[in-house]
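Just so you know, all these numbers are worked out from the coordinates, no wet-lab data involved. These figures come from a predicted structure and were not determined experimentally. Note: ideal-geometry Cβ built from the backbone for every residue, glycine included; neighbour counts use all protein chains shown.
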Amino acid sequence: MIKDITAKTLLSSAKRPDPWFGIKYTMNLYRGCSHQCIYCDSRSECYQIENFTDVLVKVNAIDLLRKELPRKRVKGTIGTGSMSDPYLPLEATRNLTGQALEVIAQQKFPVHALTKSDLILRDLDTLREINRVYAAVSFTITTADDDLGKQLEPGAPIVSRRFTAMAQLAAAGILTGVLLMPVLPFIEDNAENITAIVARAHECGASYILASFGMTLRDRQRAYYYTQLDRLFPGLRKQYEQRFGARYSAAANNAQRLEQIFHEQCARYEIATRLRVYEADAPFQPALL
């Protein structure tokens, strides 16, 4: 179900940019997500989204952004995609993200977009304008295999389309890379998967890969995930329950070894494992750590 709602505010602010993504201001134009990834942490109770299959559209988001953005004293990076993908299928017609990026470009703020969709290519010209200050686009990619990806992320564009979009963004001079997170235990935590992702990212011009070897397992998130495991991977749920019990998080098998392989492969291809983020007091240099 898609439902229009009116929001009171749009941008939430952090005291300082987070160390992973450099985000100072978080912008969510939608609540809920039609990508329906089986592992999504946003189903957790703490986010207070009762039915994650519903997509709530903040119809006054652009008006709020026009009012809130000029009042921000710190020129910090605006992040979008933390709670709901900014490029859901309905974005093709609603265009909230596209309009928001135009406002951000006018106000000369930096942006970091997190997505699983190649629909972001529609806004390439706007991203080029924002990139006069700073623009980064990170694609969540947890498997290099389209068939497995379709099982895990049934409503999202297939992985190969994300890689193709990454290549086009990189060719246009946009800082782009991979969010290799989560890495699902017993499903994606093998050397072949990690090396395949790094190699394909290199082919498509990725400048960085940010990785975390494991996943969260919180309340409603865990319940939904286990139901999907029963459907897609019969018998695997028992292995999770035996190994992780009621823990908040689940580390990938051989996580330290996988991380070593990851860093070796990134060094081989000269791909950064940290992102040099925008700093308000310094001109942006697209060099990476």
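With both partners inside the chain, how many of the DSSP beta bridges are antiparallel, as a percent to the nearest 5?
That works out to approximately 25 percent antiparallel.
Quick one: which residues, 5+ away or cross-chain, put their amide H under 5 Å from the amide H of Asn253? H built at 1.01 Å from N.
Phe186
So what is Rg over Rh here for region 2-269, counting just Cα atoms and using Kirkwood for Rh?
0.96
Between Phe139, Pro110, Ile174, whose Cα lies farthest towards the positive end of the dipole of region 107-174 when Lys and Arg beta carbons carry +1 and Asp and Glu beta carbons carry -1, centred on the Cα centre?
Going by the Cα projections, it comes out as Pro110.
For region 217-232, what does the Karplus curve 6.51 cos²θ - 1.76 cosθ + 1.60, with θ = phi - 60°, yield as ³J(HN,Hα) per residue in whole Hz, taken in order and with x for Gly and Pro?
In residue order, the calculated couplings are 9, 10, 4, 5, 4, 4, 4, 5, 4, 5, 4, 6, 4, 4, 6, 9 Hz.
For the ranges 203-211, 184-192, what's the packing order if you count other beta-carbon atoms within 10 Å of each residue, average per peptide, and put the highest first?
203-211, 184-192
How far apart, in nm, are two points set 7 Å out from the Cα along the Cα-to-Cβ line at Leu90 and at Lys15?
3.6 nm
Rank the residues Glu68, Glu264 as a footprinting-exposure proxy: fewest other Cβ atoms within 10 Å of their Cβ go first.
Arranged by neighbour count, lowest to highest, Glu68, Glu264 become Glu264, Glu68.
How large is the helix-only mean residue ellipticity at 222 nm for the chain, computed as the sum of -39500 (n - 2.57) over DSSP H runs with n ≥ 4, divided by its residue count, in deg cm²/dmol to the nearest 500?
Estimated from H runs of four or more residues: -10500 deg cm²/dmol.
Note down the magnitude of the dipole of the chain about its Cα centre, charges +1 on Lys and Arg C-beta and -1 on Asp and Glu C-beta and zero elsewhere, to the nearest 20 debye.
Computed charge dipole of the chain: roughly 900 debye.
Work out how much length Gln151 to Tyr248 would gain on full extension: take 0.36 nm times their residue separation and subtract the Cα-Cα distance, in nm to one decimal.
So the chain would gain 32.6 nm between Gln151 and Tyr248.
Just want the ordering: Ile38, Ile2, Ile194, from fewest to most Cβ atoms lying within 10 Å of their own Cβ.
So the ranking, lowest neighbour count to highest, is Ile2, Ile38, Ile194.
How far apart, in nm, are two points set 7 Å out from the Cα along the Cα-to-Cβ line at Glu241 and at Arg128?
Calculated label separation equals 5.5 nm.
Share of antiparallel DSSP beta bridges in region 140-265, in percent to the nearest 5?
40 percent
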